[in-house]
Amino acid sequence: MKILMVCLGNICRSPLAEGILQSKLPDNFIVDSAGTIDMHEGKNPDHRSIKTGQQYNVDISKQKSRHFTAQDFEEFDHIYCMDQNNLKDVLSLAKNDTQRNKVSLILENNEEVPDPYWGGMNDFDHVYQLLDQACERIAIELKSQLKEPSKK
Ligand code: 4NP
């Protein structure tokens, strides 16, 4: 099963979401991340996200930012967005309900993961806590989905 995390720049929030979820799942789950803008293409995550991950033993230092494309709907089973803008931008590229149904916000109850880019280390830590909780729930859901017989 393949899971994609999406934020704006793919340097702060979604790299952490990728690292955290991967750390909670066995290797037969592939987790990746992408951004809705291509401004940071090829760059490693923001040093503040790398440092925050390191504090919790999640190494995201080797990730490279990339742009979200319509092709990702073909490749991934689930696409988790950090905020409403990411959700809107991703859904604007979906061609049908099968693709739209793969997309959701990563938090429950329409909550957003706030963009820490203009903030301080405490904002990055807050993002980590939100993502850690969300990924714990998602890892349990995904593992149980994989065990269920196919509905096709
Ligand atoms: P991210 O944070 O979407 O969590 O990666 C941001 C990264 C870069 C910018 C904004 C947010 N930016 O404006 O360049």
Checklist outcome for this item: Considering region 4-35, residues that are under 15 Å from Phe73 (Cα atoms) and among the small types (Gly, Ala, Ser), and then whichever is nearest to the ligand (Cβ to nearest atom), we arrive at Gly35
Checklist entry - In region 121-147, which residues are loosely packed, with under 13 Cβ neighbours inside 10 Å, in contact (Cβ under 8 Å) with a residue 60 or more places away in the chain and farther than 19 Å from Leu4 by Cβ? => result Met121
Checklist entry - Given the structure, is Ile20 open to solvent by less than 10 Å² (accessible area, probe 1.4 Å) and in contact (Cβ under 8 Å) with a residue 60 or more places away in the chain? => result yes
Checklist entry - Does Gln55 meet the test of being more than 13 Å from the ligand (Cβ to nearest atom) and of a type outside the set (Ser, Thr, Tyr)? => result yes
Checklist outcome for this item: When His47 is run through (1) surrounded by 14 or more Cβ atoms within 10 Å (Cβ to Cβ); (2) within 14 Å of the ligand (Cβ to nearest atom); (3) over 13 Å from the mean Cα position of the chain (by Cα), the failure sits at (1)
Item to check | Residue satisfying all of: in region 64-119; aliphatic (A, V, I, L, M) and either exposed (fewer than 14 other Cβ atoms within 10 Å of the Cβ) or over 12 Å from the mean Cα position of the chain (by Cα) (or both); nearest to the ligand (Cβ to nearest atom) among these | outcome: Val90
Item to check | Lone qualifier among Asp32, Asp59, Asp38, Asp27 - being open to solvent by 70 Å² or more (accessible area, probe 1.4 Å), on the phi < 0 side of the Ramachandran plot, touching a residue at least 40 places away in the same chain (Cβ under 8 Å) and not in a helix (DSSP H, G or I) | outcome: Asp59
Next on the checklist: Contact list please: Cβ distance under 9 Å, first residue in region 71-99 and without any contact (Cβ under 8 Å) to a residue 24 or more places away in the chain and of a type in the set (Asp, Glu), second residue more than 13 Å from the ligand (Cβ to nearest atom) and in a helix (DSSP H, G or I), pairs at least six apart or on different chains.
Outcome noted: Glu74/Gln99
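The values are calculated or read from the model by the stated rules, or taken from the named source; none is laboratory data. Worth saying up front: this structure is predicted, and the values here are computed from it rather than measured. Here the Cβ is made from the backbone with ideal geometry for all residues, glycine too, and neighbour counts use every protein chain on show. We work out accessible area using only protein heavy atoms, side chains counted, and drop any ligands, DNA or RNA first. Shrake-Rupley method; radii C 1.70, N 1.55, O 1.52, S 1.80 Å.
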